[in-house]
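Inspection log for the structure reproduced underneath, given as structure tokens.
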Amino acid sequence: MNPSHAAALAFGAALAGCVGVPVDELLASTAIVAELPIESGARVEAARFSAGRAGESQPGWGRFIVSPFATKSEYALVESGPGVVLEGRADASASGFYRRIHIDPARHPLIDWSWRVLQAPGHTDPRVPARDDSPARVIVAFHGDVTRLGFGERFTLRLYKALTGEKMPYAIIMYSWASDAPVGTITPNDQTGKIQTIVVGGGVGEWREFRRNVLEDYRLAFGEEPWDIVAVGVMTDAGNTRGKARAQYGDISFRPEQ
């Protein structure tokens, strides 16, 4: 049998096996809200890269697959100006790095982080699929009401599970660096409206600090009230442009409105 035909048959069988699965069981966020307690305290440290040691792994963090056909980006703790930070490197590659966490966005709506872009993959613009890369993204994933998912979103969940063996959350906001899109641009992913990119800045070489209100951003991006946050991650991505990217990420935390 032709290898491509065999792969197509295997994919078809996997997708068929997912068709009868209830949608909430295809959501990664369903298990997270059931298993993890909601974070409490005045400040939630979602990422304490500064507490690690260069060259060591980051406990509780792991890679998430963007596409089974893409080469994977690399992430490592390194020494930098502020101390220990997480560095992401992409070489025509695309994958993220994340941790599961359970946060109430009504209680802790403000997210703070910093990053430094060291190399960007040419012209990037999330509004153009062929240029939808970014050297630096901070990602916040949410649970949500599965009854609000349309046919297209349900198909995407099943397709992702069939291709990767993994599950997606209900919705994702990607705070993104972009060279060719204005700050404040909000645009959906070309595959699903349940992934929305918000452009927060550009520039290369300098550390930049950010603060966003995820509660307000979610309302703007999705037109509904957010349920709980279920994961936080980063992504250095050059898979579409086939270029190279490098960025460093500081700690990520959530706090109440002041």
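Overview of results
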read-out: DSSP bridge orientation in the chain - percent antiparallel, rounded to nearest 5; value: 90 percent
read-out: For the range 23-255: relative contact order, % (alpha-carbon pairs under 8 angstrom, 6 or more apart); value: 35 percent
read-out: Rg to Rh, two decimals, where the range 121-234 supplies the alpha carbon set and Rh follows Kirkwood; value: 0.97
read-out: Rounded Å value of the spacing that divides the Cα centres of the range 24-82 and the range 139-178; value: 17 Å
read-out: Amide H contacts of ASP133 (H built 1.01 Å from N, under 5 Å, at least 5 apart or other chain); value: ASP125
read-out: Sequence of THR241, THR147 once ranked by neighbouring C-beta atoms within 10 Å, starting from the fewest; value: THR147, THR241
read-out: Amide H within-cut-off set for THR197, under 5 Å, with H built and near neighbours excluded; value: MET174, THR187, ASN189
read-out: Estimated 222 nm signal from helices in the chain, with DSSP H stretches of n ≥ 4 weighted -39500 (n - 2.57), rounded to 500; value: -6000 deg cm²/dmol
read-out: Segments 130-141, 166-177, 211-222 sorted - mean Cβ within 10 Å per residue, highest first; value: 130-141, 166-177, 211-222
read-out: Neighbour-count ranking [beta-carbon atoms within 10 angstrom, fewest first] of HIS143, HIS123; value: HIS123, HIS143
read-out: For the range 23-255, the fraction of alpha-carbon pairs in successive 10 Å shells from zero, as %; value: 8, 35, 40, 16, 1
read-out: Of all DSSP beta bridges in the range 19-172, antiparallel share, percent nearest 5; value: 85 percent
read-out: Qualifying aspartates and glutamates (Cα of each under 15 Å from Cα of LYS167; at least 8 residues distant if same chain); value: ASP24, GLU25, GLU153
read-out: Ranked SER40, SER253, criterion: other C-beta atoms within 10 Å, fewest first; value: SER40, SER253
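None of the figures in this text is laboratory data; all of them are computed from the coordinates on show. Predicted, not measured: the structure shown is a model, and the values here were computed from it. Methodologically, a virtual Cβ is constructed for each residue, glycine included, from the backbone with ideal geometry; neighbour enumeration extends over all protein chains shown.
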